[in-house]
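The values are calculated or read from the model by the stated rules, or taken from the named source; none is laboratory data. Keep in mind it's a predicted model, so treat the numbers as computed, not measured. Don't worry about glycine lacking a Cβ; one is built from the backbone with ideal geometry, like all the others, and counts go over all protein chains shown.
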Amino acid sequence: EAQVTQNPRYLITVTGKKLTVTCSQNMNHEYMSWYRQDPGLGLRQIYYSMNVEVTDKGDVPEGYKVSRKEKRNFPLILESPSPNQTSLYFCASSWASDTGELFFGEGSRLTVL
Amino acid sequence: AQKVTQAQTEISVVEKEDVTLDCVYETRDTTYYLFWYKQPPSGELVFLIRRNSFDEQNEISGRYSWNFQKSTSSFNFTITASQVVDSAVYFCALSEYDSSASKIIFGSGTRLSIRP
């Protein structure tokens, strides 16, 4: 089954404790992206990757890191989480960087205390 | 810079009514793509439609239809004879064609509630 898998789905952590949200897709998509969803703000792009070893900042990259060492994986790293990073995070992938439909993971709800 | 505006934060209608969700976009590019996504109460995001900037033909898929008008920079979504299962948050999105970068910008969403 074609899918984008995120883990963990739910996480409560404390300020400053490094965490990684994993994202994996099995569709051989070149394009992957991370979004955060906050009430009233819709989905905002954090980082995206057009292919292996190619990543770039979206609109809200501060406080986040990503890597794309393999085509299928695109982890989101919060080196020192802060309460303003409490949000619902979505990973997405697509066969084409800007023309293809996005396939989304189920979302990861992160709470930073 | 690209921007997507969904001015309707929330809409509530009675089942079987028709409802239109507005989407207005801004872009400097002549080549771009527009999308609609649905987020039902279960939380997943589901792709509904993609339209490129050179195709202004309206699209109909069952009870769903989309009206793309470049003259007003709008890409509106109409649900005919709405049903309770249509209750969701709907997002409009825009991507500009640029091989060196690829930002896909979403609007803030419209929460649609269909009352039985």
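How many residues does the stretch A:51-73 contain that are within 14 Å of chain B (Cβ to nearest Cβ), aliphatic (A, V, I, L, M) and under 25 Å from A:PRO83 (Cα atoms)? Of the residues in that region, 1 qualify. Scanning the stretch A:16-50 for residues that are more than 10 Å from every other protein chain (Cβ to nearest Cβ) and assigned to a strand (DSSP E or B) yields A:LEU19, A:THR20, A:VAL21, A:THR22, A:CYS23, A:SER24, A:GLN25, A:MET32, A:TRP34, A:ARG36, A:ILE46, A:TYR47. Looking only at the stretch A:84-97, residues that are facing chain B (nearest Cβ under 9 Å) and either free of Cβ contacts under 8 Å to residues at least 12 places away in the same chain or buried (at least 20 other Cβ atoms within 10 Å of the Cβ) (or both) come to 4 in all. With a requirement of 1 or more residues that are surrounded by fewer than 19 Cβ atoms within 10 Å (Cβ to Cβ) and modelled with pLDDT under 90, the strands (runs of 3 or more DSSP E) lying completely within the stretch B:25-116 that satisfy it span B:46-52, B:59-61. Taken over the stretch B:31-47, residues that are free of Cβ contacts under 8 Å to residues at least 24 places away in the same chain and of a type outside the set (Asp, Glu) amount to 4.
The condition (being crowded, with 21+ Cβ neighbours inside 10 Å and not in a strand (DSSP E or B)) is satisfied by just one residue among A:PRO61, A:PRO81: A:PRO81. Among the residues making up the stretch A:98-113, a single one is more than 14 Å from chain B (Cβ to nearest Cβ) and polar (S, T, N, Q): A:THR111.
Answer yes or no: is there a residue in the stretch A:11-28 that is among the small types (Gly, Ala, Ser) and over 11 Å from the mean Cα position of the chain (by Cα).
In the first step, residues of the stretch A:11-28 are kept if they are among the small types (Gly, Ala, Ser); the result is A:16, A:24.
Keeping just the survivors that are over 11 Å from the mean Cα position of the chain (by Cα) gives A:16.
Within the stretch A:11-28, one or more residues are among the small types (Gly, Ala, Ser) and over 11 Å from the mean Cα position of the chain (by Cα).
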